[in-house]
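Reviewing the structure listed below.
The values are calculated or read from the model by the stated rules, or taken from the named source; none is laboratory data. Quick caveat, the model's predicted, so the values are computed rather than measured. For neighbour counting, all protein chains shown are included, and Cβ atoms are generated from backbone atoms with ideal geometry for every residue, glycine included.
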């Protein structure tokens, strides 16, 4: 398995790769400048365990790149980064299947925190979980639902769980997709309707 970084700007691609090598020195990291080269590259380097994708590539438009990679690899985490402010494109990218959105204006420490959070969340996700229709949540998801029920913000949740806000976002997005909802309000309604708050994890 490999980590793939897809960006047609060498400087930005180098920056992402440098951060990833610090976080995961033993991983094989593959650099590409076009999305169309991903399929052949995967044949050479193996299945992706993480995809880092520039939102604006020569062969993508809008969120088309995110949609394309999620269709090919629905279970692989995707980190999207872009020069566009989060207020403009983050929601659309998450709707398209991205796990996290990073602004290119972010400093190296914020970039590292975002990618570390995604990698940590993915590692937690390797633990077996009950099927989505089993009416049961993982321990971490039950914690999140309970904290949402308390009205806690992402920052407050991060403080209680001793994780970054980026990691909280990743967990929430995965929880929403698991429940088939798009917001905190919908997640709580679903949890109350299905008795998920009675799991009691705090």
Quiz item: Which of the residues belonging to the stretch 146-156 are assigned to a helix (DSSP H, G or I) and modelled with pLDDT under 90?
Solution: 154, 155
Exercise. Please go through the stretch 58-92 and pick out each residue that is in contact (Cβ under 8 Å) with a residue 40 or more places away in the chain and either over 17 Å from residue 15 (Cβ atoms) or out of contact with any strand residue (DSSP E or B) (no Cβ under 7 Å at 6 or more places or on another chain) (or both).
Key: 58, 65, 77
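Out of the helices (runs of 4 or more DSSP H) lying entirely within the stretch 1-82, which hold 3 or more residues that are within 18 Å of the chain's Cα centre (by Cα) and either at pLDDT 90 or above or surrounded by 14 or more Cβ atoms within 10 Å (Cβ to Cβ) (or both)?
Details: elements: 10-23, 38-45, 64-72.
In the stretch 1-82, the matching helices (runs of 4 or more DSSP H) lie at 10-23, 64-72.
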Quiz item: Which of the residues that make up the stretch 93-109 are in contact (Cβ under 8 Å) with a residue 40 or more places away in the chain and assigned to a helix (DSSP H, G or I)?
Solution: 94, 95, 108
Quiz item: Of the conditions (1) at pLDDT below 80; (2) surrounded by 14 or more Cβ atoms within 10 Å (Cβ to Cβ); (3) more than 16 Å from residue 163 (Cβ to Cβ), residue 134 fails just one. Which one is it?
Solution: (2)
Quiz item: Mind checking which residues of the stretch 93-114 are under 18 Å from residue 184 (Cβ atoms) and out of contact with any strand residue (DSSP E or B) (no Cβ under 9 Å at 6 or more places or on another chain)?
Solution: 95
Quiz item: Is it true that some residue in the stretch 158-169 is farther than 20 Å from residue 91 by Cβ, over 19 Å from the mean Cα position of the chain (by Cα) and at pLDDT 80 or above?
Solution: yes
Quiz item: If you go through the stretch 173-202, how many residues are touching a helix residue (DSSP H, G or I) at 6+ places or on another chain (Cβ under 8 Å) and either in contact (Cβ under 8 Å) with a residue 40 or more places away in the chain or surrounded by 20 or more Cβ atoms within 10 Å (Cβ to Cβ) (or both)?
Solution: 16
Practice problem: Find all pairs meeting these conditions: Cβ atoms under 7 angstrom apart; at least six residues apart or on different chains; first residue within the stretch 27-44 and within 16 Å of residue 67 (Cα to Cα); second residue surrounded by 15 or more Cβ atoms within 10 Å (Cβ to Cβ) and at pLDDT 95 or above. | Solution: 35/6; 38/4; 38/6; 38/32
